[in-house]
Amino acid sequence: MKHRYLKNVSTLTLQAEKCIGCGLCAEVCPHNVFTLNERKARIADKDACMECGACALNCPSQALGVHAGVGCAAAIIQSWFTGKEPTCGCSDDGGGCC
Amino acid sequence: MKTNAQITAQRRLPAPPTVSTRLTLRDRLGAWRVRWGIGRMRYTVEPGLYAVGTPNDASPVLVSANYKLTFDSLRRELSGVDCWLLILDTKGINVWCAAGKGTFGTRELVARIEKTRLARYVSHKTLILPQLGASGVSAHEIKKQTGFTVTYGPVRAEDIKAFLAAGSKANPKMRAVRFNLWDRLVLTPMELVPTTKVSLMVFGALFLLNLFAKRPFGLYDFLAYAVAVLIGTVLAPLLLPILPGKSFAFKGWFIGALGTAGIAWACGWFAPPDLLLGIGYMLALPAHAAYLAMNFTGSSTYTSPSGVLKEMKIALPFILPALAAGIILILIKAFI
C-alpha cells in the first residue's frame, strides 16, 4: 500500500527554463516525484515530496528549490525549545528518529 | 602500462582490511540490541577503505556509513563480489539520517577520498553511493573537487548485486523507498523504549497519590495507560496505512480512542459512579496515543517537514488541552 501524507504542503519548486534535462532529480528522488519529458524535468507528484532536498542538492543548474529538512515531530518540538533548526536527534535521549 | 615508479608506489600502499560477507551470531545479536536502543550510539565501525573479496584497481567502489548495522547489512549482500567499501565517518548514523544531518555529505566524502588515497587503489573514477545519500551529497560538487563521478545506486543494499550486474543501472523498484509492515515493525522498539522514562515518572506519581487517594489507582488504571502507550508506539505504526486520516496524530488518536473506550467500557467506567473517570481517561489517553503516534513521523520514510509542522499546529491545540483536562478529571475522581 502506498503511503500518502498531507496535501499541498511541499515547498518544492522547479524553474523549467533552468532545467538542462540531466534527469538526476528523478534518479535521486525516493518518492518518484519527477518525470522526464523531452529532456525537461517535470514535477508530476508534488504531494509525494518529503522535502529531503536530494534533488535540489544534486541539480547541476540550480533549477530546483526546496526548504529541506527532517519531517520529525520530536525534532521540531526540540527546535522550538532550542531555537535551532530541527535536526534528527539520533542520540540516546533524542526520541525515535532514524 | 604502469611505470616502475608507479608499481613501487602501489606496493607501498597499505592493504585495506578485508571484511567478510557473512554475519556472525555476534553481529546478529548486536543488530537486535541496537534495535532496542542498547548502545545504539556506540555501534560503529572505523571509517576508511575496506576490501570485499579480492578487489583490484578496476573493482567498483561502494560508499557507505559507519553505523555497524548499515555496514553489516551492506557486506552481507556482497558474497561473491570483489569491491572496495569506502566508509564515511557518519558518527554511527545510518546513511539517510546522516545525509539529512550532512555528516554523510560532500565535505566528508571529499575528505575521505583524500585520506584513504582512494585514487591510488583504483584506476577508474566512479563511486557508487546509496541513493538515500543524495540528500547530503552533491554529485557535481564531488566531480569538481575530486574528479570522481558519483553514481547513485539502489536504495536498499539487497539490490546492490543486481544493480552491479545490470551495469550500474537501477530499475524503478530499486529507486523507490518502501515502508512495509516489517520495515515499520523493526522501528517500534525504539518508539516504545524511550517512553519508559515518562511512564516510570507517571507510575511514581500515581504511587505517591495512592498514599492519599480516596480511590487508589489499581491494575485496571495501569492497564488502560499501558494499552494507550502500546497503541501510540506500536499498534499505530503497524496499522499506519489502514488507519483513517493522513495525519499521524489523528491515526493515533483514533485507535487510542477505540482501545481506551474498550477498556473503560469493560471496567464499567462509562456509568456512575465512575463516569468522571471514564471521561477523564477518554480525554487523556487517546490524546497521549496521538502524541506518541505523531512522533513516529520522524521514523517514517515519507513525511515532509512542512507537513509535520502543519499537522502539529493543528493537533497540539487539541492534544495538550485534552491531556490537561483528562488528568484533572482523573485526579478529581481520585480524591472526591
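What follows draws every value from the coordinates through simple rules; no lab data is involved. Everything quoted here is computed from the prediction, not taken from an experiment. Cβ: placed from backbone, ideal geometry, glycine included. Neighbour counts: every protein chain shown.
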> Using alpha carbon centroids, what distance separates the stretch A:21-42 and the stretch B:245-324, in Å?
Replying inline: 39 Å
>> How much of the pair distance distribution for the protein assembly as shown lies past 42 Å, counting alpha-carbon pairs only, in percent?
In response: 24 percent
> What angle, in degrees between 0 and 90 and rounded to the nearest 10, separates the Cα long axis of helix B:25-35 from the longest principal axis of the Cα atoms of chain B?
Replying inline: 50 degrees
>> From Cα pairs below 8 angstrom and at least 6 apart in sequence, can you work out the relative contact order of the stretch B:175-325, rounded to a whole percent?
In response: 26 percent
> Averaged over peptide B:273-282, how many Cβ atoms belonging to another chain are found within 10 Å of each residue's Cβ?
Replying inline: 0
>> With angles folded into 0 to 90 degrees, how steeply does helix A:73-82 sit against the dominant principal axis of chain A? Use alpha carbons for both and round to 10.
In response: 70 degrees
> If you average the sequence gap of Cα pairs under 8 Å that are 6 or more apart and divide by the length of chain A, what percent do you get for the contact order?
Replying inline: 25 percent
>> At 1.567 mPa s and 4 °C, plugging the Kirkwood radius over alpha-carbon pairs of the stretch B:182-335 into Stokes-Einstein gives what diffusion coefficient in µm²/s?
In response: 82 µm²/s
> Computed FRET efficiency, Cβ-Cβ of B:T149 and B:R42, R0 41 Å: what is it to the nearest 0.05?
Replying inline: 0.75
> Quick one, what does Rg over Rh come out to for the stretch B:275-336 if you take C-alpha atoms and the Kirkwood Rh?
Replying inline: 1.13
> Looking at the stretch B:119-213, which chymotrypsin sites (Phe, Trp or Tyr not before Pro) are in a loop (DSSP not H, G, I, E or B) and have at most 15 other Cβ atoms within 10 Å?
Replying inline: B:F212
>> Need one number: nm distance between label points at B:T21 and B:K173, each 7 Å from Cα along Cα→Cβ, rounded to one decimal.
In response: 2.0 nm
> Hey, quick one: spin label on B:K161, modelled 7 Å out along Cα-Cβ, who in the stretch B:76-96 has an amide N within reach, i.e. under 16 Å?
Replying inline: B:76-83
> In peptide A:54-63, how many Cβ atoms from other protein chains are near each Cβ within 10 Å, on average?
Replying inline: 5
> What trypsin sites (Lys or Arg not before Pro) in the stretch B:233-336 are in a loop by DSSP, with at most 16 other Cβ atoms within 10 Å of the Cβ?
Replying inline: B:K246
> Counting only DSSP beta bridges with both residues in the protein assembly as shown, what percent are antiparallel, rounded to the nearest 5?
Replying inline: 50 percent
> Beyond 24 Å, what share of the Cα-Cα pairs of chain B remains, rounded to the nearest whole percent?
Replying inline: 63 percent
>> Can you compute the modelled spin-label distance between B:F203 and A:R42, with each label point 7 Å from Cα toward Cβ, in nm?
In response: 5.8 nm
>> What would the Debye equation give as log₁₀ I(q)/I(0) for the stretch B:4-178 at q = 0.09, 0.10, 0.17, 0.20 Å⁻¹, counting only Cα atoms as equal point scatterers?
In response: -0.29, -0.36, -1.09, -1.50
>> Let me check against my output: what whole-number percent is the relative contact order of chain B, with C-alpha pairs under 8 Å and at least 6 apart?
In response: 12 percent
>> Quick check on chain B: of the DSSP beta bridges with both residues there, what percent are antiparallel, nearest 5%?
In response: 35 percent
> Taking the radius of gyration and the Kirkwood hydrodynamic radius from Cα positions alone, what is the Rg/Rh ratio for the stretch B:79-155, to two decimal places?
Replying inline: 0.94
> Looking at the stretch A:25-85, which GluC sites (Glu not before Pro) are in a loop (DSSP not H, G, I, E or B) and have at most 14 other Cβ atoms within 10 Å?
Replying inline: A:E38
> Helix B:196-210 sits at what angle to the longest principal axis of chain B, using alpha carbons and giving 0 to 90 degrees rounded to 10?
Replying inline: 20 degrees
>> List the pairs from A:K84/B:K101; B:K101/B:K310; B:K91/B:K310; A:K18/A:K46; A:K40/B:K173; A:K18/B:K246 whose alpha-carbon separation is above 24 Å, in the order I gave them.
In response: B:K91/B:K310; A:K18/B:K246
